[in-house]
Each structure stands twice: as structure tokens, then as C-alpha cells.
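Student: The following block contains the structure, expressed as C-alpha cells.
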Amino acid sequence: MELEKFELGATPLKESAMKDGKVLTLHKKPNLKYAWDNGPAIDRYLAELKKGRIIARKCNKCRRIMIPPRMFCELCWRPTDEWVYVEDTGVVNTFSICYVNWDASRIKKGDKPHLPAVIEIDGASDGMGILHVLGEVEPDKVKIGMKVKAVWKKPEEREGAITDILYFKPMRG
Amino acid sequence: MREKVAIAGIGYTAFTSVSPGSSYRELTYEAAVKAYEEAGIEPKDVDSFVCTSEDMLEGYSISDEYCNDQLGAVLKPVQTIPGDFLHSLAVGVMHILTEKFDIVVVQALSKASNMKTIPEMVNFAMDPVLNRPLDITAYAVAGLEMNRFLEEGKATREQCATVVVKNKANALANPSAGYGARITVDHVLESEPVAEPVRLLDIAPYADGAVVVVLCAEKIAASLTDKPVWINGIGWSSDSPTLESRDWTDAVAVRLAGDMAYRMAGIRCPAKEIDLAEINDEISFKELQHLEALRLFEPGQAGRATEDGVTSPQGKLPVNVSGGGLGVGHLFECSGAQKVLELVLQLRGEAGARQVLGARVGLAQAWRGIPTTSAAVAILSA
Ligand SMILES: [Zn+2]
């Protein structure tokens, strides 16, 4: 962000003042490292992604088939009951066309915008989906309700991560 | 007549150095299931939830958002306190005292094993302009304070080490504690120097765990439990954050938090009226400093009393029978919850091998740890 572009109504601090050392500037990079234990549900979810499959958990009380899977049903307040494989296809519930990167820096001129989307997965309960990105599609062709399918990394490149799916692409027909 | 607040159920996990089989979600879920089971309630019966969570420790911005599912608190009134569990407990108590809430759930969790750069996270609690550029460890704050404490003749170095010996031995009788050991004063004094006079064994080692408590109003307590534990008093206080001019000898905020809790509980002579205390001992000398701040011992007497066994499980005022932070582990935001848990078990007569006979009134005290001055105190009775 360029501070120069902001009218602050007083004498603004200019980015150049920091660069030139005209104001006290302290640099300290936080070294914050976490190693989150995923727990049995997300562990299995990721292990199955590595195999090119999507797995869900079913609650036998509300009968929801849930992804991402969870060991307890947050609505019924009881442990979930079984593992269920679901499809790697689904329907776009909602999407956005992003001209800025994750850190809100502007994408380079000529680069394609990012296309994050919530995809309701076939075989899971209504409203249950995966937040991912769309690919092999022009931004102006994306529609809510569009059928899409996962495009996977090559098996030898998968590492048990949500990025083992490269993106979802439109299904023909 | 003011409404009284009861603890109608409590659930907890073991306190362990690691917990790889569970995420933070399953840890809290385990504690919550047990707490609700004890009180015979379901989430739908709960009027409000109070969670305890600190973003930098969890590694999530706005980590409060991640508290709900595992408590059954989805689409219910929830709020999160970035403090110790005892601060959250105070909020829960206030909810019930408004008489608009009958059942309130309070939660805290530590996943310390998932935090891989704890000293650097703690360093970020220091002032970025005045303190951090000096590149000194946050443990220095404990060293500075302990040095002044010793200089003022509040206790001897050996007496501080005796706290470690006692608490680690106490932990051996607590099946939930992770750091029980039989050690000597010399082990402590000869352990690696960290920020002198603080040595490695003076510092509570980190632990994981979760605690969930069900609070209820007096009018429904009998319908939820036949062994209520009452919260008679609760108080909290914080000093100035400045390292340049804080009181380096006495824990003033702990004194004020204690006085606030005593007033509410109608306690005039703490040393006579408190049967046992769970005190923050994150660094060995803090137990002595905190005991004196809470008026449980005269200034400069807690160290001698500890040597004489007054604070041992068989003594006149058992302190940290559970093992405290030194024996159970440093649980970050969950630290105060482990103390409340111990009091609940003791006051109900369910503490097993470490049961303190005739325990009727207990005190739990929390401190938010280096480099803070924030404290909270709760007084519980059977
Ligand atoms: Zn369900």
C-alpha cells in the first residue's frame, strides 16, 4: 500500500520518510510457528485427498453427510457415526473474481484473476462443500449452479493437503 | 438477596506434554461432553457460553470464531475472553448475577504443544519500540523480578527451590498431571541457568489440556447437581504494563484481585478462612510472592512456611496439592481452569489419593504469565 495516496487531513507520514530513515523505523520479523494437530477427522480427510478421494463423516441422527469431516456433529452434539466417500464433482454455490492476491496486492497486468468458489460436493448433504478455486474457465463464464469436477495433482506429487486438488473445472454438457 | 452461582458440572482432559491424537476441537469436545454429562444438560439448555482464547497462541486471527462447534454453541450467545480462564469465569458469574441467564458454560484450552516458537510469541508481548529492540528474552522479566524479590529478603533462593520440590512431588499423586517428579532443592539450584536467578527447573513446563465448567443460578442448582460447589467471590486486576516502572517486588494486582474476591465472599481473615489454595507458580518464586499478596502469609513468611511444610498437602494451608503449574504444566489461558478443577474435586471430596481432609473453602489464583501483571482470583466453597 502506498501511504502517499491517502489524504489524512494532517501532515501525512510518507512512505519515503521511512525509507530515508527520517522517522524511527524498527524491523522485526515475527517467527511464529505452529504445528496444529489435525485430529482424526481432518487427518483422514487429508490422507484420502492424497489418494485422490474425498471422504466425509455421517451423523446418523440428523443424517447429514459432512465435509470437511468432523468427529462430532456440532448441531446434534454427539459423535459422528461413519466414514462415507463422496464424489469429486459438485455445483458452484458461490464464487468471486479476485483481482488482488491473498495479501491484497494487485495481480500483475495480464495475469488471470483468482476464482475462489464454494463447491457443494455431490454425495454430501446440501450446503456441504469445499472452498477451493476454479480453473480452465474464463471469469465471465463462471455461473452459480455450474457443475464442476476436481482436477487433481499427479499421484506422485500429492502430499495430503487441500492443494492436492489443483482446482475445479467446468464439466462438459 | 443476591443470586448465588454454583458449579454444577466440570469436565477435563488429562494434562499432557503433547496430545497428537486430538485437535483443539476434540480436546474441548471431550471436556464439554463430560461437563454436560455431570450436570445432566445438553447444549440447548445453555443460555450463554464464555470461551478463553488468545489469537497469537492459537495461531488464528480472531480465534474466538473457532470456539463454537466443539461446545455445541453454534448459533447461541457466545463470547470469548483473551485472558485467563478465571477472567472468563468472572464473566460467566456476572451473566448469572444479571438473573437473565440460568446456565452458563465457561471453557479454556491449551494446545501449547502446537506452538513451536513460544519464547518468540512471549517476546511479542513486550513493547515494540522500547523493549523488543534490546533483543532480550521475555524470561528476563522473571529474572529481574525474582532478583528484586530475593534482594528484598522476601525469601531465600533455596526456599524458592523448595516450591518446585513440593509441587512436583504433589503432582505424583495427581493422575492428570504431566510433570510429577521426586527431586531435591539441589536439582533445582544446579539446573541450567535461564535468566538468573531463574533456572530451568524454576519454570513450569508447557502442557496441553482442556477444561469446561457448567455454571448455574442457585435457584436451579438442586435440579442439576447434588454436590454444588459455590463461587463465593471473584476478582481481577491488572497493573501497568510498563517494565520501566512497575513494582518489581510485590504482586500488587494479585493483592487487589484477591481483596476484590474476599470482599465479595465476605472473607475478613484469609489466612484463617481459606483451607487450601491453588496458586500460580509459573516461576517458582511466584508462588511465594502470590501467597503473600493474597494475605495468606505475612510479608517474607511464605518461604519459611514452605520449608516448614505449612503448604504441603498435610500442612495447615495446602498449596498446589494438584502439582500446580510446576507439576501439572503451564496451560496458558487454561491455567486458572486447572486450579478451579482441583478445588472442585477437593471440595466435593473426589480428589482421591491427594484429598485434603476437611477442605471447605478454596482459593484459585491466576496470573497471565510473563511479562504481564494481570491476575484473577476465585473463592470456592462446598
Ligand atoms: Zn447430527
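The values are calculated or read from the model by the stated rules, or taken from the named source; none is laboratory data. Remember, predicted model here, so these are calculated numbers, not experimental data. Because the Cβ atoms are built from the backbone with ideal geometry, glycine has one as well, and the counts that use them run over all protein chains shown. Ligands, DNA and RNA are stripped out before the accessible areas are found, and what is left, the full protein with its side chains, is counted by its heavy atoms. Shrake-Rupley method; radii C 1.70, N 1.55, O 1.52, S 1.80 Å.
Student: Most mobile of B:L326, B:L27, B:L357 per a Gaussian network model of chain B (Cα springs, under 10 Å)?
Tutor: Result: B:L357 has the largest fluctuation of those listed.
Student: Something else about it: Select from B:S322, B:A221, B:T28 the residue farthest towards the positive end of the dipole of chain B; place +1 on Cβ of Lys and Arg, -1 on Cβ of Asp and Glu, and compute about the Cα centre.
Tutor: Going by the Cα projections, it comes out as B:A221.
Student: So which residue, out of A:S125, A:S96, A:S105, gets the largest mean-square fluctuation from a GNM of chain A using Cα contacts under 10 Å as springs?
Tutor: A:S105
Student: For chain B, count the residues as N, evaluate 2.2 N^0.38 Å, and divide the Cα radius of gyration by that value, please.
Tutor: Numbers: Rg = 19.3 Å, N = 382, 2.2 N^0.38 = 21.1 Å.
Ratio of Rg to 2.2 N^0.38 Å for chain B: 0.92.
Student: Quick one: what does P(r) look like for segment B:44-159 with 10 Å bins over all Cα pairs, in whole %?
Tutor: For segment B:44-159, the pair-distance distribution reads 12, 30, 26, 21, 11, 1.
Student: For B:K4, list the lysines whose Cα falls under 22 Å from its own Cα; do not include residues on the same chain fewer than 8 positions away.
Tutor: List returned: B:K100, B:K219, B:K227, B:K339.
Student: Enumerate cysteines in chain A without a disulfide-compatible partner, where compatibility requires another Cys Cβ under 4.7 angstrom.
Tutor: A:C62, A:C98 - these cysteines have no disulfide-compatible partner (Cβ-Cβ under 4.7 Å) in chain A.
Student: What is the magnitude of the charge dipole of segment A:39-170 about its Cα centre, with +1 placed on the Cβ of each Lys and Arg, -1 on the Cβ of each Asp and Glu, and no other charges, expressed in debye to the nearest 20?
Tutor: Working: 23 positive and 19 negative charges, 17 e Å.
Dipole magnitude for segment A:39-170 comes out near 80 debye.
Student: Reachable lysines from A:K143, Cα under 22 Å, same-chain residues fewer than 8 places away excluded?
Tutor: A:K112, A:K169
Student: Divide by every residue of the protein assembly as shown the summed helix terms, -39500 (n - 2.57) for each DSSP H run of at least 4, and state the resulting mean residue ellipticity at 222 nm, rounded to the nearest 500 deg cm²/dmol. Provide the component values of the computation, followed by the final result.
Tutor: On the way: 16 runs with 149 residues, N = 555.
My calculation for the protein assembly as shown gives -7500 deg cm²/dmol from helical runs alone.
Student: For the charge dipole of the protein assembly as shown, defined by +1 on Lys and Arg C-beta atoms and -1 on Asp and Glu C-beta atoms about the Cα centroid, which residue among A:V151, A:C98, B:A173 has the Cα displaced farthest towards the positive pole?
Tutor: Checking the options against the dipole of the protein assembly as shown, the answer is A:V151.
Student: On to the next question. Show me the trypsin sites (Lys or Arg not before Pro) within segment B:219-314 that DSSP assigns to loop and that have at most 14 other Cβ atoms within 10 Å of their Cβ.
Tutor: Details: sites: B:K219, B:R246, B:R255, B:R263, B:R268, B:K272, B:K286, B:R295, B:R304; in loops: B:R246, B:R268, B:R295.
Those that pass, being in a loop and sparsely packed, are B:R268.
Student: On the first, second and third principal axes, largest extent first, how far apart are the outermost C-alpha atoms of chain A in Å?
Tutor: 64, 40, 37
Student: With the dipole of segment B:127-265 worked out from charges on the C-beta (+1 for Lys and Arg, -1 for Asp and Glu) around the Cα centre, which of B:I136, B:L200, B:N147 lies farthest toward the positive end?
Tutor: Selected residue: B:L200.
Student: Still on this structure, I have one more. So if I take the centroid of the Cα atoms in segment B:229-262 and the same for segment A:45-120, what is the distance between those two points in Å?
Tutor: 46 Å
Student: Next question, about the same structure. For segment B:105-206, what does the convex hull of the Cα positions come to per residue, in cubic angstrom?
Tutor: Numbers: hull volume 16.3 nm³, N = 102.
Cα convex hull per residue, to the nearest whole number: 160 Å³.
Student: Identify the GluC sites (Glu not before Pro) of segment B:280-371 meeting these criteria: DSSP loop state and at most 13 other C-beta atoms within 10 Å of the C-beta. Provide the component values of the computation, followed by the final result.
Tutor: Working: sites: B:E282, B:E287, B:E292, B:E307, B:E333, B:E342, B:E350; in loops: B:E282, B:E350.
Those that pass, being in a loop and sparsely packed, are B:E350.
Student: May I ask for the percentage of alpha-carbon pairs in segment B:153-257 that lie more than 19 Å from each other?
Tutor: Details: 3687 of 5460 pairs.
Every Cα pair in segment B:153-257 considered, those over 19 Å come to 68 percent.
Student: A further question on this structure: Just to confirm my numbers, what's the Cα centroid distance between segment B:29-43 and segment B:45-105 in Å?
Tutor: Cα centres, segment B:29-43 to segment B:45-105: 15 Å.
Student: Taking chain B as a whole, which cysteines find no other cysteine Cβ under 4.7 angstrom from their Cβ?
Tutor: B:C160, B:C216, B:C269, B:C334
Student: List the aspartates and glutamates whose Cα sits under 18 Å from the Cα of A:K149, skipping any in the same chain fewer than 8 residues away.
Tutor: Leaving aside aspartates and glutamates fewer than 8 places away in the same chain, those within reach of A:K149 are A:E48, A:E87, A:D88, A:E120, A:D122, A:D126, A:E136, A:E138, A:D164.
Student: When the convex hull of the Cα atoms of segment B:124-182 is projected onto a plane and the area is averaged over all directions, what value comes out in nm²? Working shown, then result.
Tutor: Numbers: hull surface 24.1 nm².
Projected over every direction and averaged, the Cα hull of segment B:124-182 covers 6.0 nm².
Student: Going by accessible area, probe 1.4 Å, with all protein chains left in place, what is the ranking of B:Y24, B:Y66, largest first? Write out the running numbers ahead of the final one.
Tutor: Working: B:Y24 30, B:Y66 105 Å².
Highest to lowest solvent-accessible surface, that is B:Y66, B:Y24.
Student: Treat every Asp and Glu Cβ in chain B as -1 and every Lys and Arg Cβ as +1, leave all other atoms uncharged, and give the resulting dipole magnitude about the Cα centre to the nearest 20 debye.
Tutor: Numbers: 33 positive and 50 negative charges, 185 e Å.
The calculated dipole for chain B is roughly 880 debye.
Student: On the first, second and third principal axes, largest extent first, how far apart are the outermost C-alpha atoms of the protein assembly as shown in Å?
Tutor: 84, 66, 49
Student: Could you identify which residue out of B:A204, B:A138, B:A31 has the top mean-square fluctuation in a GNM of chain B using Cα springs shorter than 10 Å?
Tutor: Of B:A204, B:A138, B:A31, the most mobile in the Gaussian network model is B:A138.
Student: Relative to the Cα centre, what is the charge dipole magnitude of segment A:15-92, using +1 at the beta carbon of each Lys and Arg, -1 at the beta carbon of each Asp and Glu, and rounding to the nearest 20 debye? Before the final figure, lay out the partial values.
Tutor: Values: 16 positive and 10 negative charges, 29 e Å.
I would put it at about 140 debye.
Student: Now a separate question. Mind listing which GluC sites (Glu not before Pro) in segment A:68-155 are in a DSSP loop and have 16 or fewer other Cβ atoms within 10 Å?
Tutor: Numbers: sites: A:E74, A:E82, A:E87, A:E120, A:E136; in loops: A:E74, A:E87, A:E136.
Passing sites in segment A:68-155 are A:E87, A:E136.
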